[in-house]
Every structure is written in structure tokens, then in C-alpha cells.
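One structure below.
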Amino acid sequence: MLKRANHADDREVKRQKDDGPAQNGAEPQKKTFTHEDYTVAWICPLEIELTAALQMLDEEHEPLSQPPTDHNIYHLGSIASYKVVIAGLWQAGNSSATAVVIQMRNRFPNLRFALLVGIGGGVPTVTDNGMLRLGHVVVSQPVGPFSGAIQYNHGKARDGMFERTGALGPPPAVLLLAARSLAAQRARSDKDHIMENVQRIDTSKPQLRQFKFPGVENDKLFPADYKHLVPGLSCEESECDTAKCIKREIGELDQLIVVHRGTVASGELVLRDSALRDQLAKEYGVLCFEMEAAGAMADFPCLVIRGIAHYCDSHDNDQWHGFAAAAAAAYARQLFFHMPIDEVKLQTISPSTDPGFKMLVQRSDDQERQQMASWLCSTDYASEQSANLRERQDGTGRWIFETDEFRQWEREKGVLFCPGIPGAGKTILTSIVVDYLQKEQGPNNDVGLAYIFCNFQQQQNQKLDIILRNILGQLVRGLYHIPQQIQAFYETYQRHGMQPQLGDVLEMLGVASGLYSHVYMVIDALDECSDCDETRNELISHIFDLQQHFNISFMATARFIPGIISQFENFPSVEIRANDADVKLYVENNLPAIVRRKPDIQSLVISEIIKKVGGMFSLARLYLDSLKGKCSIRAIKEALNKVKTGSEAYEYAYEKAMKQIQQQIGDRAELARRALAWLTFAERTLTLTELQHALAVVVGESSFDEESLPDVEEIISACSGLITYNEENHIIRLVHYTTQEYLEKTWTSWFPNAHCAIGEVCVTYICYDDFETGRSESWLYHARKQPLNHSLIRKLLMSDQKFDAWLQALKEETTPLHLAVELGLEDEAKALLKIGHQVDATDRLRYTPLKIAVEKRNERLEKLLLRYGATPAADIFTAARIGDETSVKSFLELGVDVNLKDRYGWTSLFHAVQEGHEGVVRLLLDAGASIDCRNTISTTCGLTPLCLAAKNGHQAVVRLLLNEGAKPDFPDENGNTPLMHASVEGHSEVVCLLKAGAQKDSISKGTTFVRVGRNVEEGTPLEVAVENNKKAVIRNLLVNPNLYVSRSPISWAINDRDKEVV
């Protein structure tokens, strides 16, 4: 150790000699080195930390070239005799640290370790070097069972307790020895080289003043239970009581930079909780909390060096950030003078650059990586990719690779939108692009690829979180090594049987994307992705967000849907159309045998089909199918002459195919019709086995007969090219989206009883003695479309065992009585009631059978349920809301309180007024409904029935309420009268009605009427009408010349620059 310390002193003297001229003279010319010359990485997350780091270099070097896929900004230089690479992070946190380290190591292959240098949050505790204070430095060092750094928010539940599993690797021995050497030298030396290093930052310059020492008097520590008063403001601005600060003695060392060595804790967020800080500090001996170590140390040996800028409590203290960053950088610089050069060169190369170790890690990771990817990916898009490529005609689709837009997209991050008309070949071209990228990528683990084929028949697998999980799974499958964050994500959710949260999936997508130099994301048929729940829009938005931070090329195909086109209007696009050369190649290779045998007609067939497909590739297949079975040249020519073009082409082609199906002999026509009906209306995609079973069921039988299973080839052949089968995932489906659209539009012509037939098969299957769950859960969907055989449904509803088995498969909460009422089965409902089914049972939505009967307006079932003791109290609200006068009258006759309130404080009268049901309103008023009561729901501000009717513009109801004695000036809880409500909503006819009996000058005292830029706290109906630009209302109100106004209405109009109103 003595020799090491002396060696450091010699180098320190040399450093001081070298530093002199550089500080005072002209800036020397920068030197240039190679990527292989750099051995030490210096990572600093924040800009203030980067500034301090650059001040510590002895010299700066010329930047080196880097590919466009590497988005890091590297600052190169040297300290002592070491070549150093300094890199910042695009944002704080473990995920970005992982991404930066991966790319840095790819670019500089001889990096041995990294220094993580910056600011952190300190624990106000006492170490061997005294009280830990702001401006001090904490350096990671193994202590007891801990390696020097832990990941405090990474763990798992075990036996009811939380067990932390986020241990990180220890720092390299050479750095631990250097830290010891530096500490020993500081203890013996009269000079403080760390403080001298801080002084390299000239704080007399305005732009560097933030690095000045703030003074011990500004080191304030509040008790753990005293929270910051106003988030976002400083302690002074929020007037935190400094008298509560903990009094600490100021020792001799507190004016210096004190270094504490021990455990550093790394997490995903800035810790601002003093109670959690103290708990973790006590449990793990933590001295400092930060956000990047776990991300960097997962794959790279590091030493963490943090200047203490705050105490991890709610009292933020920005004034210490600069000095804390300078102190950490100064310590890091000094460490270089205690690292033997030879030991650094001999430092064991990191595992990912050791070929032998790499192979071992690869083998051990393969199985778990595949398990993880399978868990993430609910849909096997690889099998769809293979099936699509089998349909592709070799040599077609290559034109897209020649376009400038594709070349640019392939080369650099960006977006490529490829719209196309139906049947243009978008999906096949997508598969061609994916195949091209896979072959170009080869075994390269540095490029990621994920692709999705949206499908209208797989909506259940196309929810936003499921699609993003699938993308993540594909990227994980391509990684050489699984980073710790993704491993923790997998363990947390998969091992506890939980579905991952969307936010966590997005975060892991960021981690995975950052591990690649370039990521390609390809999504086909965005128009087939659901837009009813914003899935499509949010998916696009999230991918665009990821592109802001990572090198991602995103390609999407879709039909010409305005909502989709608008999202891509600012990006390059290439329209997908059936290229003539590609169509020619496809037709030449798929001509019917009779045409191939007669060369003189081949050119005619090819040219006619090319001319008539009009950019729709799938039409070429339909046209070729129409020629099959033709026995003469004349028949072929006649078929070609009948071929339609444009938008009529599909309809004509499909109609012709369906007529051919109907003309088949034997049972084939019926087999095809039933198969097509199932594939058109099934709620989800079917496997071939499921379709076979569905077609084999004989309705009404009690057991399944395996001998009834139809032959696979017969099914496919009978459907005349309208269905396709994927041998890899065993999915059988309609050949194209346009096929689905055509059959949904014309189904009543081809299979008019489809829903009934499918539903009865499902019920029969459920009622089998050996029923297997999962194949017939959707019978109710079809029963709601068409009535089913009552005896079949009765058999299911009356069997507790069968019904419960179906219910379990469906994961639904309902009762047989609910379904009997919903489907209008009076006899079945009566039978269920007779054997004791609860008449007031509730389903998942808290509906009773009576409420369903009311909504369905089924009076016979209502009376039946009431006869068996149904409680009608709550159901009067439903009847009033839908305007069912008969049911309301029945409930009132049974003694239901007409002024009964629901949980929102609404009576039946409010429900009827809300929807404008004049007849029900009259019925309720005749029964004694309170006409001027106020509701208590917060969002409607205690409205009266008349206020509600005026607000909604229900003129007939307003007239009725006024005639029945409603007070025209009775306000809501905010003082807004019915006239005010009608005025602000612009209901001029209602205003006319109210003028006859309302005081037109009533003033609103509330804040209900709000417009952009102003809260209207006082105003008459006229002022409010002017303010809201309701011209018809203004004309009606101005009929009265004696209006009181608190401010000239014309002043409102002039203020709004509305010439017409003025």
C-alpha cells in the first residue's frame, strides 16, 4: 500500500505541472485516438453533472465517428494516463442507464468498468467519518452481506413478507483498492486534492456559479415527520418552519468534502419519503439513494460516486445540486491517480465481451428467455408470417425495396405508412418486408424486430396491453441477455399469476428498445384493430412516444381510413397496389390446366386479369378460381367477359363463388354453407378441430359422435377458395377481410338462420354428458341475435351442473332466471321460479330479473315476477328512464313510494324529465311526485325538475311542469334559474315558455356557467346568452325592454368581437 500511495503522489505532482499551462494559455489542439484506446467509462445522468465532469479532464479529445443507430453523445478525454469516455443519459433512471451502457460498450470494446458519478439523496446518519451532510460524497463499497449497491424496489413476496431480490454486483477490485489508497493518502496529506479539483470549476463565471459551496448554514435537516408544506415551492416560499430543523453541531470536517463509503440503494424514482428512507437505511445500512446504478451495474462492473444534494425527504434543496455534482466529480477525478495502469489493462473484461462466457450465458438464458417471450406473446404471429409467405408468389413484392421512402426508413429511425385499397396485398407485402428484415438482420443481436398482424376476427387478442406485450415479447426473444429490470418485471407478474400493468409494459418496452442499436416495428392492417376503445389511436401514440427516445423505425399498413390517415399525414407514405408485373407473375404460375395447355389463350387470360384487377391482388385469385372447371376456350372467354372491375368486382366475384357453392352435389353445399356461417359469425377465430366439432354436432342429441366429424379436405374444397387454413397454428378462417364484409352484408341470402343454428349447436354441445368448456361459451351471443329452440335452452337452464359449467367457462355472473327473462322465455322463467330460484337475485351489473323485464318492456314477465314476490322499488327508476308508463303505473299501484330516491338522490320524476318522457312525468305528478325538489348528485348542482327540463330543452315537459305549478324562478343550489339554464344552452323555444311565468332578470350567483378564459359569477339570462353567443335566445329575451343587467350586454358582445350579436 505504501508503494501505491507514493506512486499516486508522484503522478499528482506530474498532474499539477501538466495542468498549469492548460489553465492559463490558449486551448491546445485536441488529439484523436481510436475507439479501442478508451478503457474507462464515466456516466453522469444530469446536465449539471456532465458540466462538472468535463471540468475534471486533463485534456479533451476529438470526437470519433459513430453510426446513426448510436444516439449517445460521447465526450472523450483523458485524466492522468487514462483515456475516458463520458456519456450522459437522455433521462434519469435505470432503463436509460442500461441503454446507454449497452451502446457505449458496443462502440468502445475495451472499456473495463464505469464510474457512475453524480448527485444523490443522503441518509442523515453517522459513519466512521462523522455525520453525513449535504455536499459530502458517498462511494459504494461492499458491507457485510451487501455488495455496495442494492436495488431497493426490486423484490418478491414470500410467506407474507417482502423479500428484496435486487442485489447488484460488487465494484471491481481495482476500484475498491484505489478508493482505499485515496482515503489513506487524504488522511496523511496536508493538501486536499479533492477540494483542489473542485476549484478547477471557476465559479466566478456567471454560468458556473451554481457550483459554489452554499455554506453549512444552508444545510437544513427537518424531522422525518415534518412534511414540506407546498409542493413545487422552496422551503422559504412555502414558509416551512425552520425552527423545527434538527440542531447539529458543526465539526471541523464539515467545511471540507467528507467521503463516506458503504451501501448505495438504486430505485426507479427519486425517493422523497423520509420514513421510507429511514426504514431502508436501518434494514440495509444504506447511506445514499439514487436512480441509475441498477441499470448500469446489471451488465457492467461499476463504482457509484454520489454527491449528497438532499436528504430524500419532501424538502427539496436545489441550491446544493451544483456543489454536490462538483464534489462527486472531484472525487472521481482523484481516483484516477490511485489506479495502477497495468491493473486497469488487466482488469477482467466484462462478461458480455468474453466469447467463452458469452456462450455459457447464452445457453443458460435461452430456456428462460423463451419462457418469458411465450408468456408475453399471446398470439403466435410467427406462424401467420409463415402462412403468408407460403401464399406469396416468389419474386413478387420486391418493388417496395426500391422506393426511396423504404430505403430511408430502413436506414434511419422514422415512420413509413403504407395505405392500400381492400385486397391490394397489404398483408402479403408486410410479410415480405418482415422476411427481408429477418434475412438482412441474420444472427445480429444488435437489431430488434417486432411485427403484428391485426385481424378483425381476433379482437380479444388485440387489446392495447396485449399488443404491446407481444411487441415486448418479440424484442425479448431477440436479446442476447435479459437485463435485470425485465427479469424483475417477469418474476413479479408471472410467478404471482398477475397480468402486467400497461405502464410497466411500456417501461419494459423502453428498456428492451434501448438494448438494440435499431428496432423495426411493423404493424399490418391497423384498420382491423379496434378503435371503439381507442386501442388503435393509443397504440400509434405509444409507438410515436417510444420513437422520441429510441432508434425505432415504425411501418404500418391500413386501408384508406380518414382517422388513420390523419395520424400519418406528416410522414412518408408508399401506397400498396397490385403491381402489374407481380400480378402477371402470379397469374402465370397459377393458370388452370386447360389454359396452360393452350399457349394461344394464355396471353389473353393474363392480360384480361391484369387489366381488371385494378390494383386488387386478391381479385386475381378470385378470377382464376372462376376459370376452374371450364372445359372449353369459349367458356373461358365468356367467364372473362363477365368479370367486373372496380368496387363491384368483389361483390360479383363472391356472389359467383357462393352460387357455385350452392350448385354442388350431395351434402357439400350444406357443409360449405354451415362452415362459412360459423367462420363469419363466430366471436373469435376457430381452430380446424373446433370447426369440425361444430359441424359434427347433431342438435338435440346428448352425446357427441366422433364418426360425424367431416373430412378436412372436404370442408376446404367445398368452400371454393373462400377459406384458408394455417397448418402451423391450426387456425381456419375466411380468406380475406373483404370476404367477411361481403358475407356479413348478404348473410340473409346464403344462411338466414345462421345465429339460430350456431346457438343451438352451442347449447347442444354444452348439454353433452362429457361437455368440455371453452368451445361453446358464445351461445348467448347468437341467442340474442335470433331465437333458439326453447326446449334446448330449457334443458340448459334447468340443469345446475351444465349451467354452472358454462358460466365458469364464460367467467360471467348471472343466473338462469336472468337469462330466461332476457330471452323472453316465460314458460322457462315460471319453471325456474317454481323450483325456488331467487326472484330478486342480482347479476354482475346489479340488475334484477325484474329490471331486465322492465328494460325489455315485457309486461307478461313483469307481472310473473311481481306475482312471485319481486321487489319493484328500485326498478321504477328504470321504467321512468325508458318511458314505460305501464310499468310505472304498475309499480305505483303496488305501493312504491313515488318520491323514493336512488343512490344519486334522483327520484323517478328526475329520470323521466331527464329523457323528456312527458307521459311518465304526468303519471308521476298525478301520483304526488314532488315538483320542486332538488336532486343531490354533485355533478348537476342540486337541479330542480324544471331546471333539468329547461337545461335539456324538453319543451313539452317544461310546459307540463309549469302548468302543474312548478315555480319558474326556483333556482338550483348555485342560484341558477330554469331561464338561466335554457339561456346558456341556447333553447330559444323553452326561453319563450319560461318568459311567460319566469322573472327574466334573475341573477346567477353561482359559477356554473363557465367559458374559456372567464368564470361568470354574476349575470342575467340575457348576459349569459350574449356571453355564450346564443343569438335566438337573445332575440327572445330582448322582446322585454325592462331587463335589469349588471353589465351592458353589448359590452359582452364587443368584448367577444361578435359583430352579428352587436
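Computed from the coordinates by the stated procedures, all read-outs in this text should not be read as laboratory data. Remember, it's a predicted structure, so these values are computed and weren't measured experimentally. Positions of Cβ are generated from backbone atoms using ideal geometry, with glycine treated the same way; all protein chains shown enter the neighbour counts.
Between Leu54 and Leu709, what FRET efficiency follows from the Cβ-Cβ distance if R0 is 51 Å, with the result rounded to 0.05? Please list the in-between numbers first.
Working: r = 75 Å, r/R0 = 1.47.
Computed FRET efficiency for Leu54 and Leu709: 0.10.
Starting from the Cα-Cα distance between Lys220 and Ala956, subtract it from 0.36 nm times their residue separation and give me the gain in nm to one decimal. Provide the component values of the computation, followed by the final result.
Values: separation 736, 0.36 × 736 = 264.96 nm, distance 6.93 nm.
This chain segment gains 258.0 nm when fully extended.
Subtracting the Cα-Cα distance from 0.36 nm times the residue separation, let me have the gained length for Glu744 to Asp318 in nm, one decimal. Write out the running numbers ahead of the final one.
Working: separation 426, 0.36 × 426 = 153.36 nm, distance 6.42 nm.
In short, 146.9 nm is gained.
Starting from the Cα of Asp926, step 7 Å along the direction of its Cβ; do the same at Leu900; then give the gap between the two resulting points in nm.
Each label point is offset 7 Å from its Cα along the Cβ direction, giving 2.0 nm.
As a quick test, which of the pairs Lys598/Lys637; Lys212/Lys282; Lys83/Lys205; Lys863/Lys951; Lys830/Lys856; Lys426/Lys612 have an alpha carbon distance above 25 angstrom in this structure?
Numbers: Lys598/Lys637 13 Å; Lys212/Lys282 32 Å; Lys83/Lys205 28 Å; Lys863/Lys951 36 Å; Lys830/Lys856 17 Å; Lys426/Lys612 19 Å.
The pairs that break the limit, which is 25 Å between Cα atoms, are Lys212/Lys282; Lys83/Lys205; Lys863/Lys951.
Which distance in nm do the two modelled labels at Ala841 and Asp394 give, with both placed 7 Å along the Cα-to-Cβ direction?
Roughly 6.3 nm, to one decimal.
For Trp747, Trp42, what's the fewest-to-most ordering of other Cβ within 10 Å of each Cβ? Don't skip to the end; give the middle numbers.
Values: Trp747 17, Trp42 26.
Taking fewest neighbouring Cβ atoms as first place, the list is Trp747, Trp42.
At a Förster radius of 45 Å, what calculated FRET efficiency corresponds to the Cβ-Cβ distance of His790 and Glu655, to the nearest 0.05?
Working: r = 35 Å, r/R0 = 0.79.
Efficiency computed from Cβ-Cβ geometry: 0.80.
Give, in nm to one decimal, the length gained when the segment between Arg407 and Ala593 is fully stretched (0.36 nm per residue of separation minus the Cα-Cα distance).
Residue separation times 0.36 nm, minus the Cα-Cα distance, leaves 63.0 nm.
Going from the alpha-carbon gyration tensor of segment 803-949, what semi-axes, largest first and in whole Å, does one get by taking the root of 5 times each eigenvalue?
Numbers: eigenvalues 191, 58, 26 Å².
Each semi-axis is √(5λ); the values are 31, 17, 11 Å.
Using alpha-carbon pairs under 8 Å, 6+ residues apart, how would you state the relative contact order of segment 668-896 in percent?
Details: 276 pairs, mean separation 30.3, N = 229.
Value for segment 668-896: 13 percent.
Does segment 944-1000 come out rounded, prolate or oblate by the C-alpha gyration tensor, with a ≥ b ≥ c the root eigenvalues, rounded set by a/c under 1.5 and, if not, prolate when a/b is larger than b/c and oblate if not? Please report the intermediate quantities before stating the final value.
Numbers: a/c = 1.31, a/b = 1.06, b/c = 1.24.
Rounded, since a/c falls under 1.5.
For the pair Lys834 and Leu688, what calculated FRET efficiency results from E = 1/(1 + (r/R0)^6), where r is the Cβ-Cβ distance and R0 = 60 Å, to the nearest 0.05? The partial results should precede the final answer.
On the way: r = 44 Å, r/R0 = 0.73.
Between Leu688 and Lys834 the formula returns 0.85.
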